[in-house]
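The values are calculated or read from the model by the stated rules, or taken from the named source; none is laboratory data. If you're wondering where the values come from, they're calculated on a predicted model, not measured in any experiment. With ideal geometry, Cβ positions are generated from the backbone for all residues, glycine too; neighbour counts draw on all protein chains shown. To get the accessible areas, we keep the full protein, side chains included, count just its heavy atoms, and leave off ligands, DNA and RNA. Shrake-Rupley method; radii C 1.70, N 1.55, O 1.52, S 1.80 Å.
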Amino acid sequence: MRALAADVVASVPVDTDPLEGDGPIGWPGYGGAHARAAERSGESESVVCGTGTVAGVPVTLVAFEFGFLGGSIGHRTGQRVRAALAQARERGTPVVSLVATGGSRTQEGMAALSQLHRIATEMGRTRLAGVPQLAVALDPTTGGGWATLASGADVTLATPGAQIGFAGSRVRPPGDEAAYTAEGQFAAGHVDAVVPERDLPAVVGRWVRLLTRPAVGPVAPPAALGAARPPRTGWEAVSAARSPRRPRADAYLDAHFDWREDIRGDRVGGVDDGVACGFGWRGERSVAYAAQLGTPTTPTGFRTAARLVRLADRLGVPVLTLVDTVGAANDGAAERAGAGGAIGALFAAIAEARVPVTTLVVGEGGSGGALAFASSENTWMAPDSYFSVTSPEAAAAILKRDPSEVPATADQLRLRPQDVVGLGLARGIVRPGA
């Protein structure tokens, strides 16, 4: 982590209350232990806060020193973190937290635990101010440090093999050790990426730029990558959208951006690998994206997209959405996971967004599961796409028609790109790039 912190040029000024005797609750021997920790680590507390630059961007850095009483959070730790967050808001600099902690400091009792309230309050104020917060969970990151600075950040990275979880190793029940690792938290969607320590300076630098250099105005829709001409019939439109040769949303993302970084998961324990969300770099500016990758979208996918849109809106970053799904997942598991509420949350996030949202339908636009990803004012169609109230097969079933009538039903649904434009529901059909 020294490479990442090398550009720190000044400490955050803070009036830290001196430790008196054996601390706020008079824990026997605590004063001596505190003094020995300072001597061993070379630091006066378990966190160091400073200002500097990462990838040329001014930042506020919060770095834990695990060698000081296990990086535990005491009342002086909380004072320093709170001062750093307040200064970040004042200067408008993103916060980069390097977290390595065993949790709240036992020897200070509730005086230590109450710092979590205070840190969470400052983080909330920082979010409301539109200042980005990025955290790196190092080994270990447990207890209140995980519950506040790490998991509460806008983007959370972790290092391979790190112990990460609310419960520390000495207090949790035995079994399922994988749940308390960086990889386990990544699989559950609580960590956005697991990054080798040698790569952290570059990855953190990319993220700092993505979160602080928003593009201006609505995003122009990407150029078409597939067919150049719209289909002649509805069924031809459906067949083109379903063709295995048709470019998928990930190809559009790769073609549109110079580089990009994904966020992962809905932060309530779920990941939908059929949805890609994150921030991309184009023309020296940042654009947020939420893309369906051609599968039925699960409630987790809708919640992840809503998380992305709300984060982008808070940071002033315009959004690009790519639509490609036969529809929302509609099995029993999806209903139990709150499909309706998750779809509604994404509708609300896009409707309430103050930043412009641009949508390109790149494949299948199936029913409300597709519409939830779409802008109501700035939607475009690829030539090999369609948008429909429901699939032709479902429409035929609803109308009690013979399966042989599915192609004719597709024509009647007026789902071709030119039909959707003619209905005033899309602004145009994009053309292939030069």
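Taking θ = phi - 60°, what integer Hz values does the Karplus form 6.51 cos²θ - 1.76 cosθ + 1.60 yield along the range 365-370, in sequence order, with x for Gly and Pro?
x, x, 6, x, x, 8
Ignoring ligands, DNA and RNA, what percent of the 1.4 Å accessible area of the range 343-401 is carbon and sulfur?
The computed percentage sits at 60.
Which of rounded, prolate, oblate describes the range 209-354, given a ≥ b ≥ c as roots of the alpha-carbon gyration tensor eigenvalues and a/c under 1.5 marking rounded, otherwise prolate only if a/b is larger than b/c?
Cα axes put the range 209-354 in the oblate bin.
Grab the Cα-Cα distance for residue 106 and residue 354, subtract it from 0.36 nm times how many residues apart they are, and report the gain in nm with one decimal.
Taking 0.36 nm per residue and subtracting the Cα distance, the gain is 84.9 nm.
Please calculate the 1.4 Å probe accessible area of residue 177, with all protein chains present, and give it to the nearest 10 Å².
90 Å²
Given R₀ = 30 Å, FRET efficiency for residue 284-residue 128 by Cβ-Cβ distance, to 0.05?
Efficiency, rounded to the nearest 0.05: 0.60.
In whole angstrom, how far apart do the alpha carbon centroids of the range 293-314 and the range 95-172 sit?
25 Å
Calculate the spin-label point distance for residue 254 paired with residue 399, positioning each point 7 Å from the Cα along the beta-carbon direction, and give it in nanometres.
In this crude label model, residue 399 to residue 254 measures out at 3.9 nm.
Output ³J(HN,Hα) for the range 209-223: one whole-Hz value per residue in order, computed from phi by the Karplus curve 6.51 cos²θ - 1.76 cosθ + 1.60 with θ = phi - 60°, and x for Gly and Pro.
The phi angles translate into 5, 4, 8, 10, 10, x, 5, 10, x, x, 6, 6, x, x, 5 Hz.
Report, to the nearest 10°, how far helix 115-128 tilts away from the longest principal axis of the Cα atoms in the chain, using its own Cα long axis and a range of 0 to 90°.
For 115-128 against the chain, the angle is about 40 degrees.
Using a 1.4 angstrom probe with every protein chain in place, what is the largest-first accessible-area order of 117, 190?
117, 190
Once amide H atoms are built 1.01 Å from N in the peptide plane, which residues 5 or more positions from residue 380, or in another chain, come under 5 Å H to H?
359, 360, 361, 427
Equivalent ellipsoid semi-axes for the range 117-221, as square roots of 5 times the alpha carbon gyration tensor eigenvalues: give them largest first, rounded to whole Å.
With the √(5λ) rule applied to the range 117-221, the semi-axes are 28, 18, 11 Å.
Quick check: the distance between the Cα centres of the range 337-398 and the range 210-288, to the nearest angstrom?
Distance between centres, Cα-based: 14 Å.
Against the longest principal axis of the chain, how steep is helix 75-91, in degrees 0 to 90 to the nearest 10, with axes from Cα atoms?
Taking Cα atoms only, the helix is inclined about 50 degrees.
Apply 1/(1 + (r/R0)^6) to the Cβ-Cβ distance of residue 20 and residue 213, taking R0 = 51 Å, and write down the FRET efficiency to the nearest 0.05.
In this case the efficiency is close to 0.65.
Express the accessible area of the chain per residue in Å², computed with a 1.4 Å probe while the remaining protein chains stay in the model.
42 Å²
Run the simple label-point estimate for residue 262 and residue 414 please: 7 Å along Cα→C-beta, distance reported in nm.
Reported label-point gap for residue 262 and residue 414 is 3.8 nm.
Ranked highest first by the average count of other Cβ atoms within 10 Å around their residues, in what order do 411-417, 157-163, 21-27, 140-146 fall?
Answer by packing, highest mean first, reads 140-146, 411-417, 157-163, 21-27.
What shape does the range 286-434 take by its C-alpha gyration tensor, where a ≥ b ≥ c are the square roots of the eigenvalues and a/c under 1.5 counts as rounded, a/b above b/c as prolate, and the rest as oblate?
oblate
For the chain, what does -39500 (n - 2.57) per DSSP helix run (n ≥ 4), summed and divided by total residues, give at 222 nm, in deg cm²/dmol to the nearest 500?
-9500 deg cm²/dmol
Could you go through the range 234-243 in sequence order and give the Karplus-derived ³J(HN,Hα) for each residue, using 6.51 cos²θ - 1.76 cosθ + 1.60 with θ = phi - 60°, rounded to whole Hz, and x for Gly and Pro?
For the range 234-243, the Karplus curve yields x, 5, 5, 5, 5, 5, 5, 5, 8, 5 Hz.
Would you mind checking the range 86-111 for residues with the amide N under 20 Å from a putative spin-label position 7 Å along Cα→C-beta of residue 35?
107-108
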